[in-house]
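Written below as structure tokens is the structure these notes are about.
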Number of protein chains: 2
Amino acid sequence: MHYSPDFIDAQSRQRRAAQARRDGLLQPGRYAEGTAGALMISEYSSLDSGLSATQAIDMLRREAADAETIYQSYVLDEQRNLLGTVSLRELILAAPDQAIDQLMVHKVICVCTSTLQEEVARLIRKHDLLAVPVLDEAGRLVGIVTCDEALDVVVEEATEDFHKGALIANHIGNLRDATVGLLYRKRVLWLVLLVFGNLFSGAGIAAFEDTIAAHIALVFFLPLLVDSGGNAGAQSATLMVRGLATGDVVMRDWLRMLGKECGVALALGGTMAIAVASLGMLRGGTDIALIVASSMLVIVLIGSLIGMSLPFMLSRIKLDPATASGPLVTSIADAVGVLIYFGIASQVLEI
Amino acid sequence: MHYSPDFIDAQSRQRRAAQARRDGLLQPGRYAEGTAGALMISEYSSLDSGLSATQAIDMLRREAADAETIYQSYVLDEQRNLLGTVSLRELILAAPDQAIDQLMVHKVICVCTSTLQEEVARLIRKHDLLAVPVLDEAGRLVGIVTCDEALDVVVEEATEDFHKGALIANHIGNLRDATVGLLYRKRVLWLVLLVFGNLFSGAGIAAFEDTIAAHIALVFFLPLLVDSGGNAGAQSATLMVRGLATGDVVMRDWLRMLGKECGVALALGGTMAIAVASLGMLRGGTDIALIVASSMLVIVLIGSLIGMSLPFMLSRIKLDPATASGPLVTSIADAVGVLIYFGIASQVLEI
């Protein structure tokens with residue numbers, strides 16, 4: 001069996017990481033999970049300033065067995081402060097006696113140990129980096145995060161956001177191997193919370209008991225109207241959650257996005273109102289058609305604005321916006337939808 | 001302003017890609033979007049077999065200006081068939097006169113032009129590759145996909161899956177710059193389809209009009225019960241969709257997952273049935289408590305099994321399973337929930 005060199009790299013990387021842990025280099029637990037400190041590896045290749053290109057390549061040759069990558073090297077002073085970075089490509093292309101002080105880039109894109117791992121991955125992705133150096137509070141180089149770790153981070157973060165959107169608690173691990181007990185524990189909390197949350201919808205319906213009893217045809221349109229608000233809300237929330245996660249939108253875009261969402265939601269609500277008006281006409285006559293069409297417009301508008309705002313609000317109170325994209329926004333939009341529908345219905349039918 | 005060498009690499013890469021397009025090397029449109037062929041770049045570094053390590057490094061030095069990466073090189077014969085791959089790290093570590101035929105790895109992890117881009121990214125991630133070579137039907141090397149492109153693919157694919165889950169059509173682009181018209185067009189289709197889909201829920205409710213009119217307290221529990229089925233279904237669908245996307249589960253795991261889901265759903269449904277039974281007791285007495293508790297158990301079980309199965313079914317009929325994770329599974333579970341609830345209610349109350 002033959003393996004590609006990168007596959008062997010991956011194996012020896014794990015071995016070296018285990019060694020580094022034994023040596024106390026990585027000090028697991030020192031840095032919070034999900035930060036650059038917890039993610040970084042300490043097997044970077046470093047060079048002394050003052051070397052020539054040829055001397056640097058010789059030094060890398062000696063370091064190669066222990067370094068995760070020799071393709072990007074970091075030039076350090078005696079206190080391990082980061083002076084610059086140089087790629088092996090540049091060293092190979094340089095004149096043999098050229099000083100690396102002249103070759104290296106002085107203004108290096110770098111992160112701190114406390115930088116969040118999704119931010120690290122975003123930087124690597126944005127600038128197409130092979131690796132990004134991690135500095136401690138004093139500005140000393142303590143490790144690097146490589147592109148292949150960024151790839152793992154991006155996949156893990158997306159999985160986490162998907163699960164959060166469906167209100168599943170963190171860290172299921174590999175789904176195939178997850179036990180029934182684990183899956184139960186990760187899913188039960190929010191499901192039960194939403195049962196109690198849905199009491200508001202129930203109470204809303206109960207408050208309009210007389211109207212419903214008198215016009216039982218209204219119940220026919222209940223799931224359709226209420227779900228439409230939830231669905232439109234889920235769409236806007238998902239767009240926002242993903243936009244915030246990829247960095248396409250930031251907190252200060254909220255007002256602008258909200259304005260645009262008003263336009264989109266009015267157009268969507270209008271289209272759906274027309275669709276539902278004809279059904280209302282068939283089923284209950286002009287009054288019902290008027291009620292369901294105007295309810296649809298208002299419900300879709302309000303549902304979308306809730307969906308657009310909820311991720312920002314969660315983010316503002318330091319909760320993960322990803323929680324907003326699924327059943328949470330749907331349940332809130334549902335409860336509001338019930339009130340809007342029966343509110344409009346009782347107004348129109350009591351005239 | 002100083003840039004890191006990798007940043008400059010990214011810029012010159014774009015320039016070279018534009019040049020390659022002009023030269024007809026990349027031939028856009030020849031390969032379907034979303035495949036390795038459409039994603040690959042043709043600026044790989046290749047080596048002739050029969051070179052020594054030193055000669056190979058010299059050859060790379062000459063190629064460096066035109067190649068995306070010189071850190072992984074591909075050894076080709078005259079017909080551009082891929083013979084093996086060798087990393088610059090190995091060339092640097094080798095004895096100067098060692099033949100690359102001996103240094104190179106012969107069994108190379110590679111993909112075809114038609115391989116889906118998510119599969120390419122998965123391979124790069126799994127084996128921690130810097131780049132993966134792309135071969136045409138005849139086995140000739142036509143390009144490479146690098147780790148930083150895999151990073152973009154993974155982010156794009158996750159965004160697409162998020163949007164699909166919320167039933168938003170593909171390719172919104174940057175959310176901040178999306179126009180009202182574009183967002184409307186991407187969102188309206190499924191929202192309107194679901195309005196008509198929800199007619200089934202409405203018809204279900206209408207079929208039980210007499211039961212509802214006689215026991216209006218039943219309506220109080222409607223959103224709570226119906227939403228619970230949808231929420232549990234959204235959770236299982238999301239777990240499956242993401243599991244399929246990351247490769248944690250595959251199609252043949254379906255039966256095993258379904259069995260496990262039965263256990264999880266019964267536990268979840270049982271817990272929620274207890275929660276809702278007390279509410280039913282308070283609001284409508286023993287009959288209502290019995291109805292809502294047993295409905296909850298059945299609805300959560302059925303909703304979860306639908307959620308677990310829908311992604312597999314969509315996958316089986318060549319549709320994207322990601323579509324299943326949000327409003328689609330919720331709407332189906334809702335309609336089924338209505339029938340289960342009022343079905344049980346009319347049975348119990350007519351005794």
So which residues in the range A:200-230 are without any contact (Cβ under 8 Å) to a residue 60 or more places away in the chain, at the interface with chain B (Cβ under 7 Å from one of its Cβ atoms), surrounded by fewer than 24 Cβ atoms within 10 Å (Cβ to Cβ) and out of contact with any Phe, Trp or Tyr (no Cβ under 6 Å at 6 or more places or on another chain)? A:E209, A:A213, A:I216, A:V219
Keeping to the range B:231-263, report how many residues are facing chain A (nearest Cβ under 7 Å), surrounded by 24 or more Cβ atoms within 10 Å (Cβ to Cβ) and more than 19 Å from B:V155 (Cβ to Cβ). 5
Failed condition for A:E78, given (1) outside any helix (DSSP H, G or I); (2) crowded, with 21+ Cβ neighbours inside 10 Å: (2)
I'd like to know if the range B:281-299 contains one or more residues that are in a helix (DSSP H, G or I), over 24 Å from B:G243 (Cβ atoms), touching a residue at least 60 places away in the same chain (Cβ under 8 Å) and small (G, A, S). yes
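Mind listing just one residue for me: the one in the range B:58-74 that is of a type in the set (A, V, I, L, M, F, W, C) and in contact with a helix residue (DSSP H, G or I) (Cβ under 6 Å, 6 or more places away or on another chain) and, of those, surrounded by the fewest Cβ atoms within 10 Å (Cβ to Cβ)? Working first, answer last.
Step one: of the range B:58-74, the residues of a type in the set (A, V, I, L, M, F, W, C) are B:59-60, B:64-65, B:67, B:70.
Imposing the further condition that a residue be in contact with a helix residue (DSSP H, G or I) (Cβ under 6 Å, 6 or more places away or on another chain) reduces the set to B:64, B:70.
Details: B:A64: 15, B:I70: 25.
Looking at residues that are of a type in the set (A, V, I, L, M, F, W, C) and in contact with a helix residue (DSSP H, G or I) (Cβ under 6 Å, 6 or more places away or on another chain), I get B:A64.
Quick one: which residue in A:L167, A:L129 is at the interface with chain B (Cβ under 8 Å from one of its Cβ atoms), out of contact with any Gly (no Cβ under 9 Å at 6 or more places or on another chain) and not in a helix (DSSP H, G or I)? Step through it out loud before you land on a result.
Details: A:L167 fails: out of contact with any Gly (no Cβ under 9 Å at 6 or more places or on another chain).
Answer to the check: A:L129.
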For the range B:285-334, name all the residues that are within 11 Å of another protein chain (Cβ to nearest Cβ) and farther than 25 Å from A:T323 by Cα. B:V292
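Within the range A:213-233, track down each residue that is closer than 16 Å to B:A203 by Cα and part of a helix (DSSP H, G or I). Let's see the steps before the verdict.
Narrowing the range A:213-233 to residues closer than 16 Å to B:A203 by Cα: A:215-227.
Matches in the range A:213-233: A:A217, A:L218, A:V219, A:F220, A:L222, A:P223, A:L224, A:L225, A:V226, A:D227.
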Of these, A:E43, A:E63, A:E78, which one is more than 10 Å from chain B (Cβ to nearest Cβ) and free of Cβ contacts under 8 Å to residues at least 12 places away in the same chain? A:E78
Out of everything in the range B:132-164 that is surrounded by fewer than 20 Cβ atoms within 10 Å (Cβ to Cβ) and in contact with a Cys (Cβ under 8 Å, 6 or more places away or on another chain), what residue ends up being farthest from the other protein chains (Cβ to nearest Cβ)? B:E137
Just to be sure I understand, how many residues within the range A:324-351 are in contact (Cβ under 8 Å) with a residue 60 or more places away in the chain, polar (S, T, N, Q) and surrounded by fewer than 23 Cβ atoms within 10 Å (Cβ to Cβ)? 1
Has the range B:176-194 got any residue that is under 25 Å from A:D161 (Cβ atoms), within 9 Å of chain A (Cβ to nearest Cβ) and part of a loop (DSSP other than H, G, I, E, B)? yes
Does the range B:107-121 hold any residues that are within 9 Å of chain A (Cβ to nearest Cβ) and assigned to a helix (DSSP H, G or I), and which are they? B:A121
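Quick note: the coordinates plus some simple rules give every number you see, no bench work behind them. Just so it is clear, the structure is predicted and the values come from calculations on it, not from any experiment. Neighbour counts run over all protein chains shown; Cβ positions are idealised from the backbone, glycine included.
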